[in-house]
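Read the structure below first, then the notes.
The values are calculated or read from the model by the stated rules, or taken from the named source; none is laboratory data. Source: prediction; values computed, not measured. Heads up, the Cβs are rebuilt from the backbone with ideal geometry, glycines too, and the neighbour counts pull from every protein chain shown.
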Amino acid sequence: MGLSREDINCERVERDVLVVAEKCRSSLLDLVVGGGVSPESINFLRRVEEVHLSRFETRKVVFSSVAIQEKNIEDGLLNAVHFEMLWLLNKQAYYESIGREDLARIEMLRKRWNVSGPKV
């Protein structure tokens, strides 16, 4: 659609999602909305939930649709984003350690056997 992340809460997206929500409701299908969820999305999600919404999600945390009506939903979203940040930092640290664990052996094999390969 040529929209940026900042456009996710625009009227066009809301209008399109509301059409989809109605079609999902009439077809007895779940509707899950996610990506770009932020405090600015709360009113949008509340309007969608009035038509039909099964769940909404950040990348790593899934909320039941009724959670959007909670008065402290902004705190819940903040906690979800905090969890996601911690999860990503943990994942990054893990893969960095995996990437470094064989560096000494690679260097030893290079020197011992005089073999080359891409420098790491």
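See the values below:
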{"quantity": "Residue within segment 25-33 that is in contact with a helix residue (DSSP H, G or I) (Cβ under 7 Å, 6 or more places away or on another chain), part of a helix (DSSP H, G or I), without any contact (Cβ under 8 Å) to a residue 40 or more places away in the chain and β-branched (V, I, T) present", "calculated": "no"}
{"quantity": "So R100, is it loosely packed, with under 14 Cβ neighbours inside 10 Å and at pLDDT below 95", "calculated": "yes"}
{"quantity": "Residue in segment 7-41 that is surrounded by the fewest Cβ atoms within 10 Å (Cβ to Cβ), counting only those that are closer than 22 Å to V81 by Cβ and among the hydroxyl-bearing types (S, T, Y)", "calculated": "S38"}
{"quantity": "Condition met for I98 (β-branched (V, I, T), farther than 30 Å from L18 by Cβ and assigned to a helix (DSSP H, G or I))", "calculated": "yes"}
{"quantity": "Any hit, segment 44-56, residues being exposed (fewer than 11 other Cβ atoms within 10 Å of the Cβ), on the phi < 0 side of the Ramachandran plot, of a type outside the set (D, E, K, R) and out of contact with any Gly (no Cβ under 9 Å at 6 or more places or on another chain)", "calculated": "no"}
{"quantity": "Count of segment 46-91 residues which are basic (K, R), closer than 28 Å to K23 by Cα and assigned to a helix (DSSP H, G or I)", "calculated": "2"}
{"quantity": "Top-ranked residue in segment 1-24 [being assigned to a loop (DSSP other than H, G, I, E, B) and farther than 24 Å from E74 by Cα; ranked as modelled with the lowest pLDDT]", "calculated": "M1"}
